[in-house]
Amino acid sequence: MLARPIFRHLTLCVNLLLCYGCRSQDTTPPAAKDERLPFAERTVIIPAAGPPQQVTMPPLPDTLTFAGQRVPLERDDVREGLERELIVNTFGHSRTIFIIKNIERWRPLIERTLRENDVPTDFIYLAVAESEFENTAQSPAGAVGMWQFMAPTARDYGLHIDDDVDMRRDPKLATEAAARYLKWAQARLQSWPLVATSYNKGLTGTQTVLKYQQTDNFWDLYLNSETARYFYRILAFKVILENPEKYGYFLKTEGQYLPHRFKIVEVATDTDLVAFAKANNTTYRELRRLNPWFNNTTDYRLRVPANFSYEVRVPEGEEKPK
């Protein structure tokens, strides 16, 4: 029982003798030492050839109109609201490039539909703000399609929704529904900027704040941040997309996406869409690209209600895949 403490004592003495005269060494890696230095002392910036990269403020237009109504850029609050959205969307490069590439695909359909409903063509930029021309877009709140209709409103404007179809994703029918809403709202608000605001806030909500704040125009209206920024975002897209090179976007015309080419086939009976695609010398994938309103990915069928029919877009002039 006494041998163990003695052995332990001898071992300790030997260790002390072995370490006698040893000097402690700093084993910290050089990189770690550098990290302990002040930032200015451990950072070396090698100057690149030529002048440094410059990030400048996107230019404000001298004058601006929306739907024929003048934007009062002489007001500080208006100028600052537009500047904010110009900065956000000018420097959102990937998104803005895709919008520029997409706009010519959808411009003919949207502008023609707006004109047919006596709505100014500037409202194409509302579709940009809503979805960036994405027919399959869906918001966290459940709004769907290029024009971001909620289901109850969509049904009010004649857009059919069931297990097989969601016409909020049909670019033609959804654009027609949106144009009808815009025309209807203009008859009640008598101001196109307020009509655009109501697309975000709702007609009743817009009328309520106008009433309680005792004003009749967008510029003097206090709104929550989301709605206030919404209309300035539409204005910013108008400015950038009508003058892309002034904002640093140099895309060749031939690089822009063209409108889809297709023919219409009327479908009045329940249809297997895969078989339908093959019968029309195309694929189900291509059908979905032209008809984003298809909703059934379980058995790929289109069930047609009684006394009803669907217009299905089929590629025009396509060779049958091999």
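Results, tabulated for the structure shown:
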quantity	calculated
The listed residue being under 30 Å from HIS260 (Cα atoms) and either over 27 Å from the mean Cα position of the chain (by Cα) or at pLDDT 95 or above (or both), out of LEU109, LEU37, LEU18	LEU109
Any chance TYR199 is modelled with pLDDT of 95 or more, within 19 Å of TRP106 (Cβ to Cβ) and crowded, with 22+ Cβ neighbours inside 10 Å	yes
Which numbered condition TYR300 misses (of (1) farther than 21 Å from GLY145 by Cα; (2) touching a helix residue (DSSP H, G or I) at 6+ places or on another chain (Cβ under 6 Å); (3) surrounded by fewer than 19 Cβ atoms within 10 Å (Cβ to Cβ))	(1)
GLU80 vs. criteria assigned to a helix (DSSP H, G or I), of a type in the set (Asp, Glu) and either touching a residue at least 12 places away in the same chain (Cβ under 8 Å) or touching a His at 6+ places or on another chain (Cβ under 6 Å) (or both)	no
Flag for THR227 being farther than 18 Å from THR65 by Cβ, surrounded by 14 or more Cβ atoms within 10 Å (Cβ to Cβ), among the polar types (S, T, N, Q) and within 25 Å of the chain's Cα centre (by Cα)	yes
Search result, residues across the stretch 143-175 that are assigned to a strand (DSSP E or B), of a type in the set (A, V, I, L, M) and either over 17 Å from the mean Cα position of the chain (by Cα) or surrounded by fewer than 23 Cβ atoms within 10 Å (Cβ to Cβ) (or both)	ILE161, VAL165
Residue in the stretch 282-298 that is in contact (Cβ under 8 Å) with a residue 60 or more places away in the chain and either outside any loop (DSSP other than H, G, I, E, B) or more than 32 Å from the chain's Cα centre (by Cα) (or both) present	yes
TRP106 crowded, with 19+ Cβ neighbours inside 10 Å and either at positive phi or out of contact with any strand residue (DSSP E or B) (no Cβ under 8 Å at 6 or more places or on another chain) (or both)	yes
Matching residues in the stretch 309-322 - criterion: being at pLDDT 95 or above and of a type outside the set (A, V, I, L, M)	SER309, TYR310, GLU311, ARG313, PRO315
Residue count, the stretch 262-298 (criterion: under 20 Å from LYS101 (Cβ atoms) and modelled with pLDDT under 95)	0
Check on ASP163, among the charged types (D, E, K, R), farther than 26 Å from LEU241 by Cα and free of Cβ contacts under 8 Å to residues at least 24 places away in the same chain	no
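The values are calculated or read from the model by the stated rules, or taken from the named source; none is laboratory data. Predicted model only: the values in this text are computed from it and were never measured. All Cβ positions, glycine included, derive from the backbone under ideal geometry; neighbour counts span all protein chains shown.
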